[in-house]
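Here the structure comes first, spelled out in structure tokens, and everything after it is commentary.
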Amino acid sequence: ALSEDRNLELILVAGKDKLPEKYSDLIEIDGVVLEPVDYTYNSNRPKSEQLQSSIYRIMELHKKREVDAIIAPGDTRGSVVSAVKVLGLMENVLSPAIATHWPRTNVLIDSGANATEFGMKPENLLQFAIFGKIYSQNYVGVENPLIGLLNIGNEDTKGPKFIRKSRKLLNKLDGEYNISKEYFEPDVFGELDGGRVVVIGGFTGNIGLKFSETTLAFFHEYLSREVKNQSFFRKLCAKIGLAVPLAHLKRDLNYESYAAAPLLGINGNVMISHGRSNAQAIYNAIKITKQYLECDINNKLKEEIKRYVLSKP
């Protein structure tokens, strides 16, 4: 990433408890500034130690505007809690939400910021719909995204009361919002380039996202194994015929291609990444973060939330 962009500056904030000893006395590694702190975030540690962890430290640097954005591939709960505590929520926002751009032109929100879903109100999902629209239009590039709730069926009577109330609330959004007349189920993403914003609580959204990722990996492995078990001629034909489609499948749908998802609704730029992120995923996360910063999502989101609040009866 640094070799591609001479203007890029990277700071690696790391807990000494997880940092390999050979790096403990260094202040720079291959052009990346290293800033060690006492601890890596761990929800089981005392609060005093959590406040001295790497994720809190980088939030403080961001609040002081010493960094423009944060890429957080650690504990998502720690990232969300520290972002809310240090950076704060935008005015009138009830809770933050992670917007995941995956696959192609679709968006899933919330994909894990509100992992318990307890205490959430229909108004939370209404705001997530607003978040998703702004993100889809300005980052993904969908002019008029179709917005809807994920549910266990299309019928009005299906699903918990919380979801049914949320749907009624979404239907009250003005004409600038393209609200789905049905719940998203089972055809969550519609066509390949569906341009959908799928709205749900963070617990369900996170499970759905991870299930999709593992299903893709399973499908790829299963197909490869089946090809290997064919006769030589069939195997040769399959390898020739499937080589390019499988490469495109991996490129377009692999989590590494969508390696950073913004935590929307906070006063800052925090990008959430997988804890298992490899070098390719981190490289892509840096590229995605640069593109995200150019879209000025936060200011557009503040304006839209303000417009919605002022327009309420």
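The values are calculated or read from the model by the stated rules, or taken from the named source; none is laboratory data. As the structure is a prediction and not an experimental result, all values here were calculated from the model. Virtual Cβ from ideal backbone geometry, glycine too; neighbours counted across all protein chains shown. Accessible surface is based on the protein model in full, side chains and every heavy atom, while ligands, DNA and RNA are left aside. Shrake-Rupley method; radii C 1.70, N 1.55, O 1.52, S 1.80 Å.
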Answer with yes or no whether LYS312 is open to solvent by 80 Å² or more (accessible area, probe 1.4 Å) and at pLDDT 75 or above. no
Within region 163-184, tally of residues that are open to solvent by less than 20 Å² (accessible area, probe 1.4 Å) and either among the β-branched types (Val, Ile, Thr) or in contact with a Ser or Thr (Cβ under 7 Å, 6 or more places away or on another chain) (or both): 1
Show the residue pairs meeting these rules: Cβ distance below 6 Å; 6+ apart or different chains; first residue within region 211-234 and under 16 Å from PRO103 (Cβ atoms); second residue open to solvent by less than 60 Å² (accessible area, probe 1.4 Å). GLU213/TYR255; LEU216/LEU253
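Here is a yes/no grid of residues against (1) of a type in the set (Gly, Ala, Ser); (2) modelled with pLDDT of 90 or more; (3) open to solvent by 50 Å² or more (accessible area, probe 1.4 Å):
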| site | (1), (2), (3) |
| --- | --- |
| THR76 | no, no, no |
| VAL86 | no, yes, no |
| ASN92 | no, yes, yes |
| GLY112 | yes, no, no |
| PHE131 | no, yes, no |
| VAL140 | no, yes, no |
| PRO145 | no, yes, no |
| GLY148 | yes, no, no |
Mind checking which residues of region 56-90 are in contact (Cβ under 8 Å) with a residue 40 or more places away in the chain, assigned to a helix (DSSP H, G or I) and within 17 Å of GLY275 (Cβ to Cβ)? ILE58, THR76, SER79, VAL80, SER82, ALA83
Sole residue being without any contact (Cβ under 8 Å) to a residue 60 or more places away in the chain, crowded, with 16+ Cβ neighbours inside 10 Å and part of a loop (DSSP other than H, G, I, E, B), chosen from LEU34, LEU26, LEU19: LEU19
So which residues in region 271-290 are polar (S, T, N, Q) and over 17 Å from LEU2 (Cβ atoms), if there are any at all? SER273, SER277, ASN278
Output the qualifying pairs, or none if there are none: Cβ atoms under 9 angstrom, residues six or more apart or on different chains, first residue in region 150-162 and open to solvent by 100 Å² or more (accessible area, probe 1.4 Å), second residue not in a loop (DSSP other than H, G, I, E, B). ILE152/ILE163; ASP156/ARG164; ASP156/ARG167; THR157/ARG164
Restricting attention to region 276-303, report how many residues are under 21 Å from GLY201 (Cβ atoms) and open to solvent by 10 Å² or more (accessible area, probe 1.4 Å). 0
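Yes or no, residue by residue, for (1) open to solvent by less than 50 Å² (accessible area, probe 1.4 Å); (2) of a type in the set (A, V, I, L, M, F, W, C); (3) in contact with a Gly (Cβ under 6 Å, 6 or more places away or on another chain):
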position: GLU4; (1), (2), (3): no, no, no
position: GLU9; (1), (2), (3): no, no, no
position: ALA14; (1), (2), (3): yes, yes, no
position: GLN50; (1), (2), (3): yes, no, no
position: TYR56; (1), (2), (3): yes, no, no
position: ILE98; (1), (2), (3): yes, yes, yes
position: VAL107; (1), (2), (3): yes, yes, yes
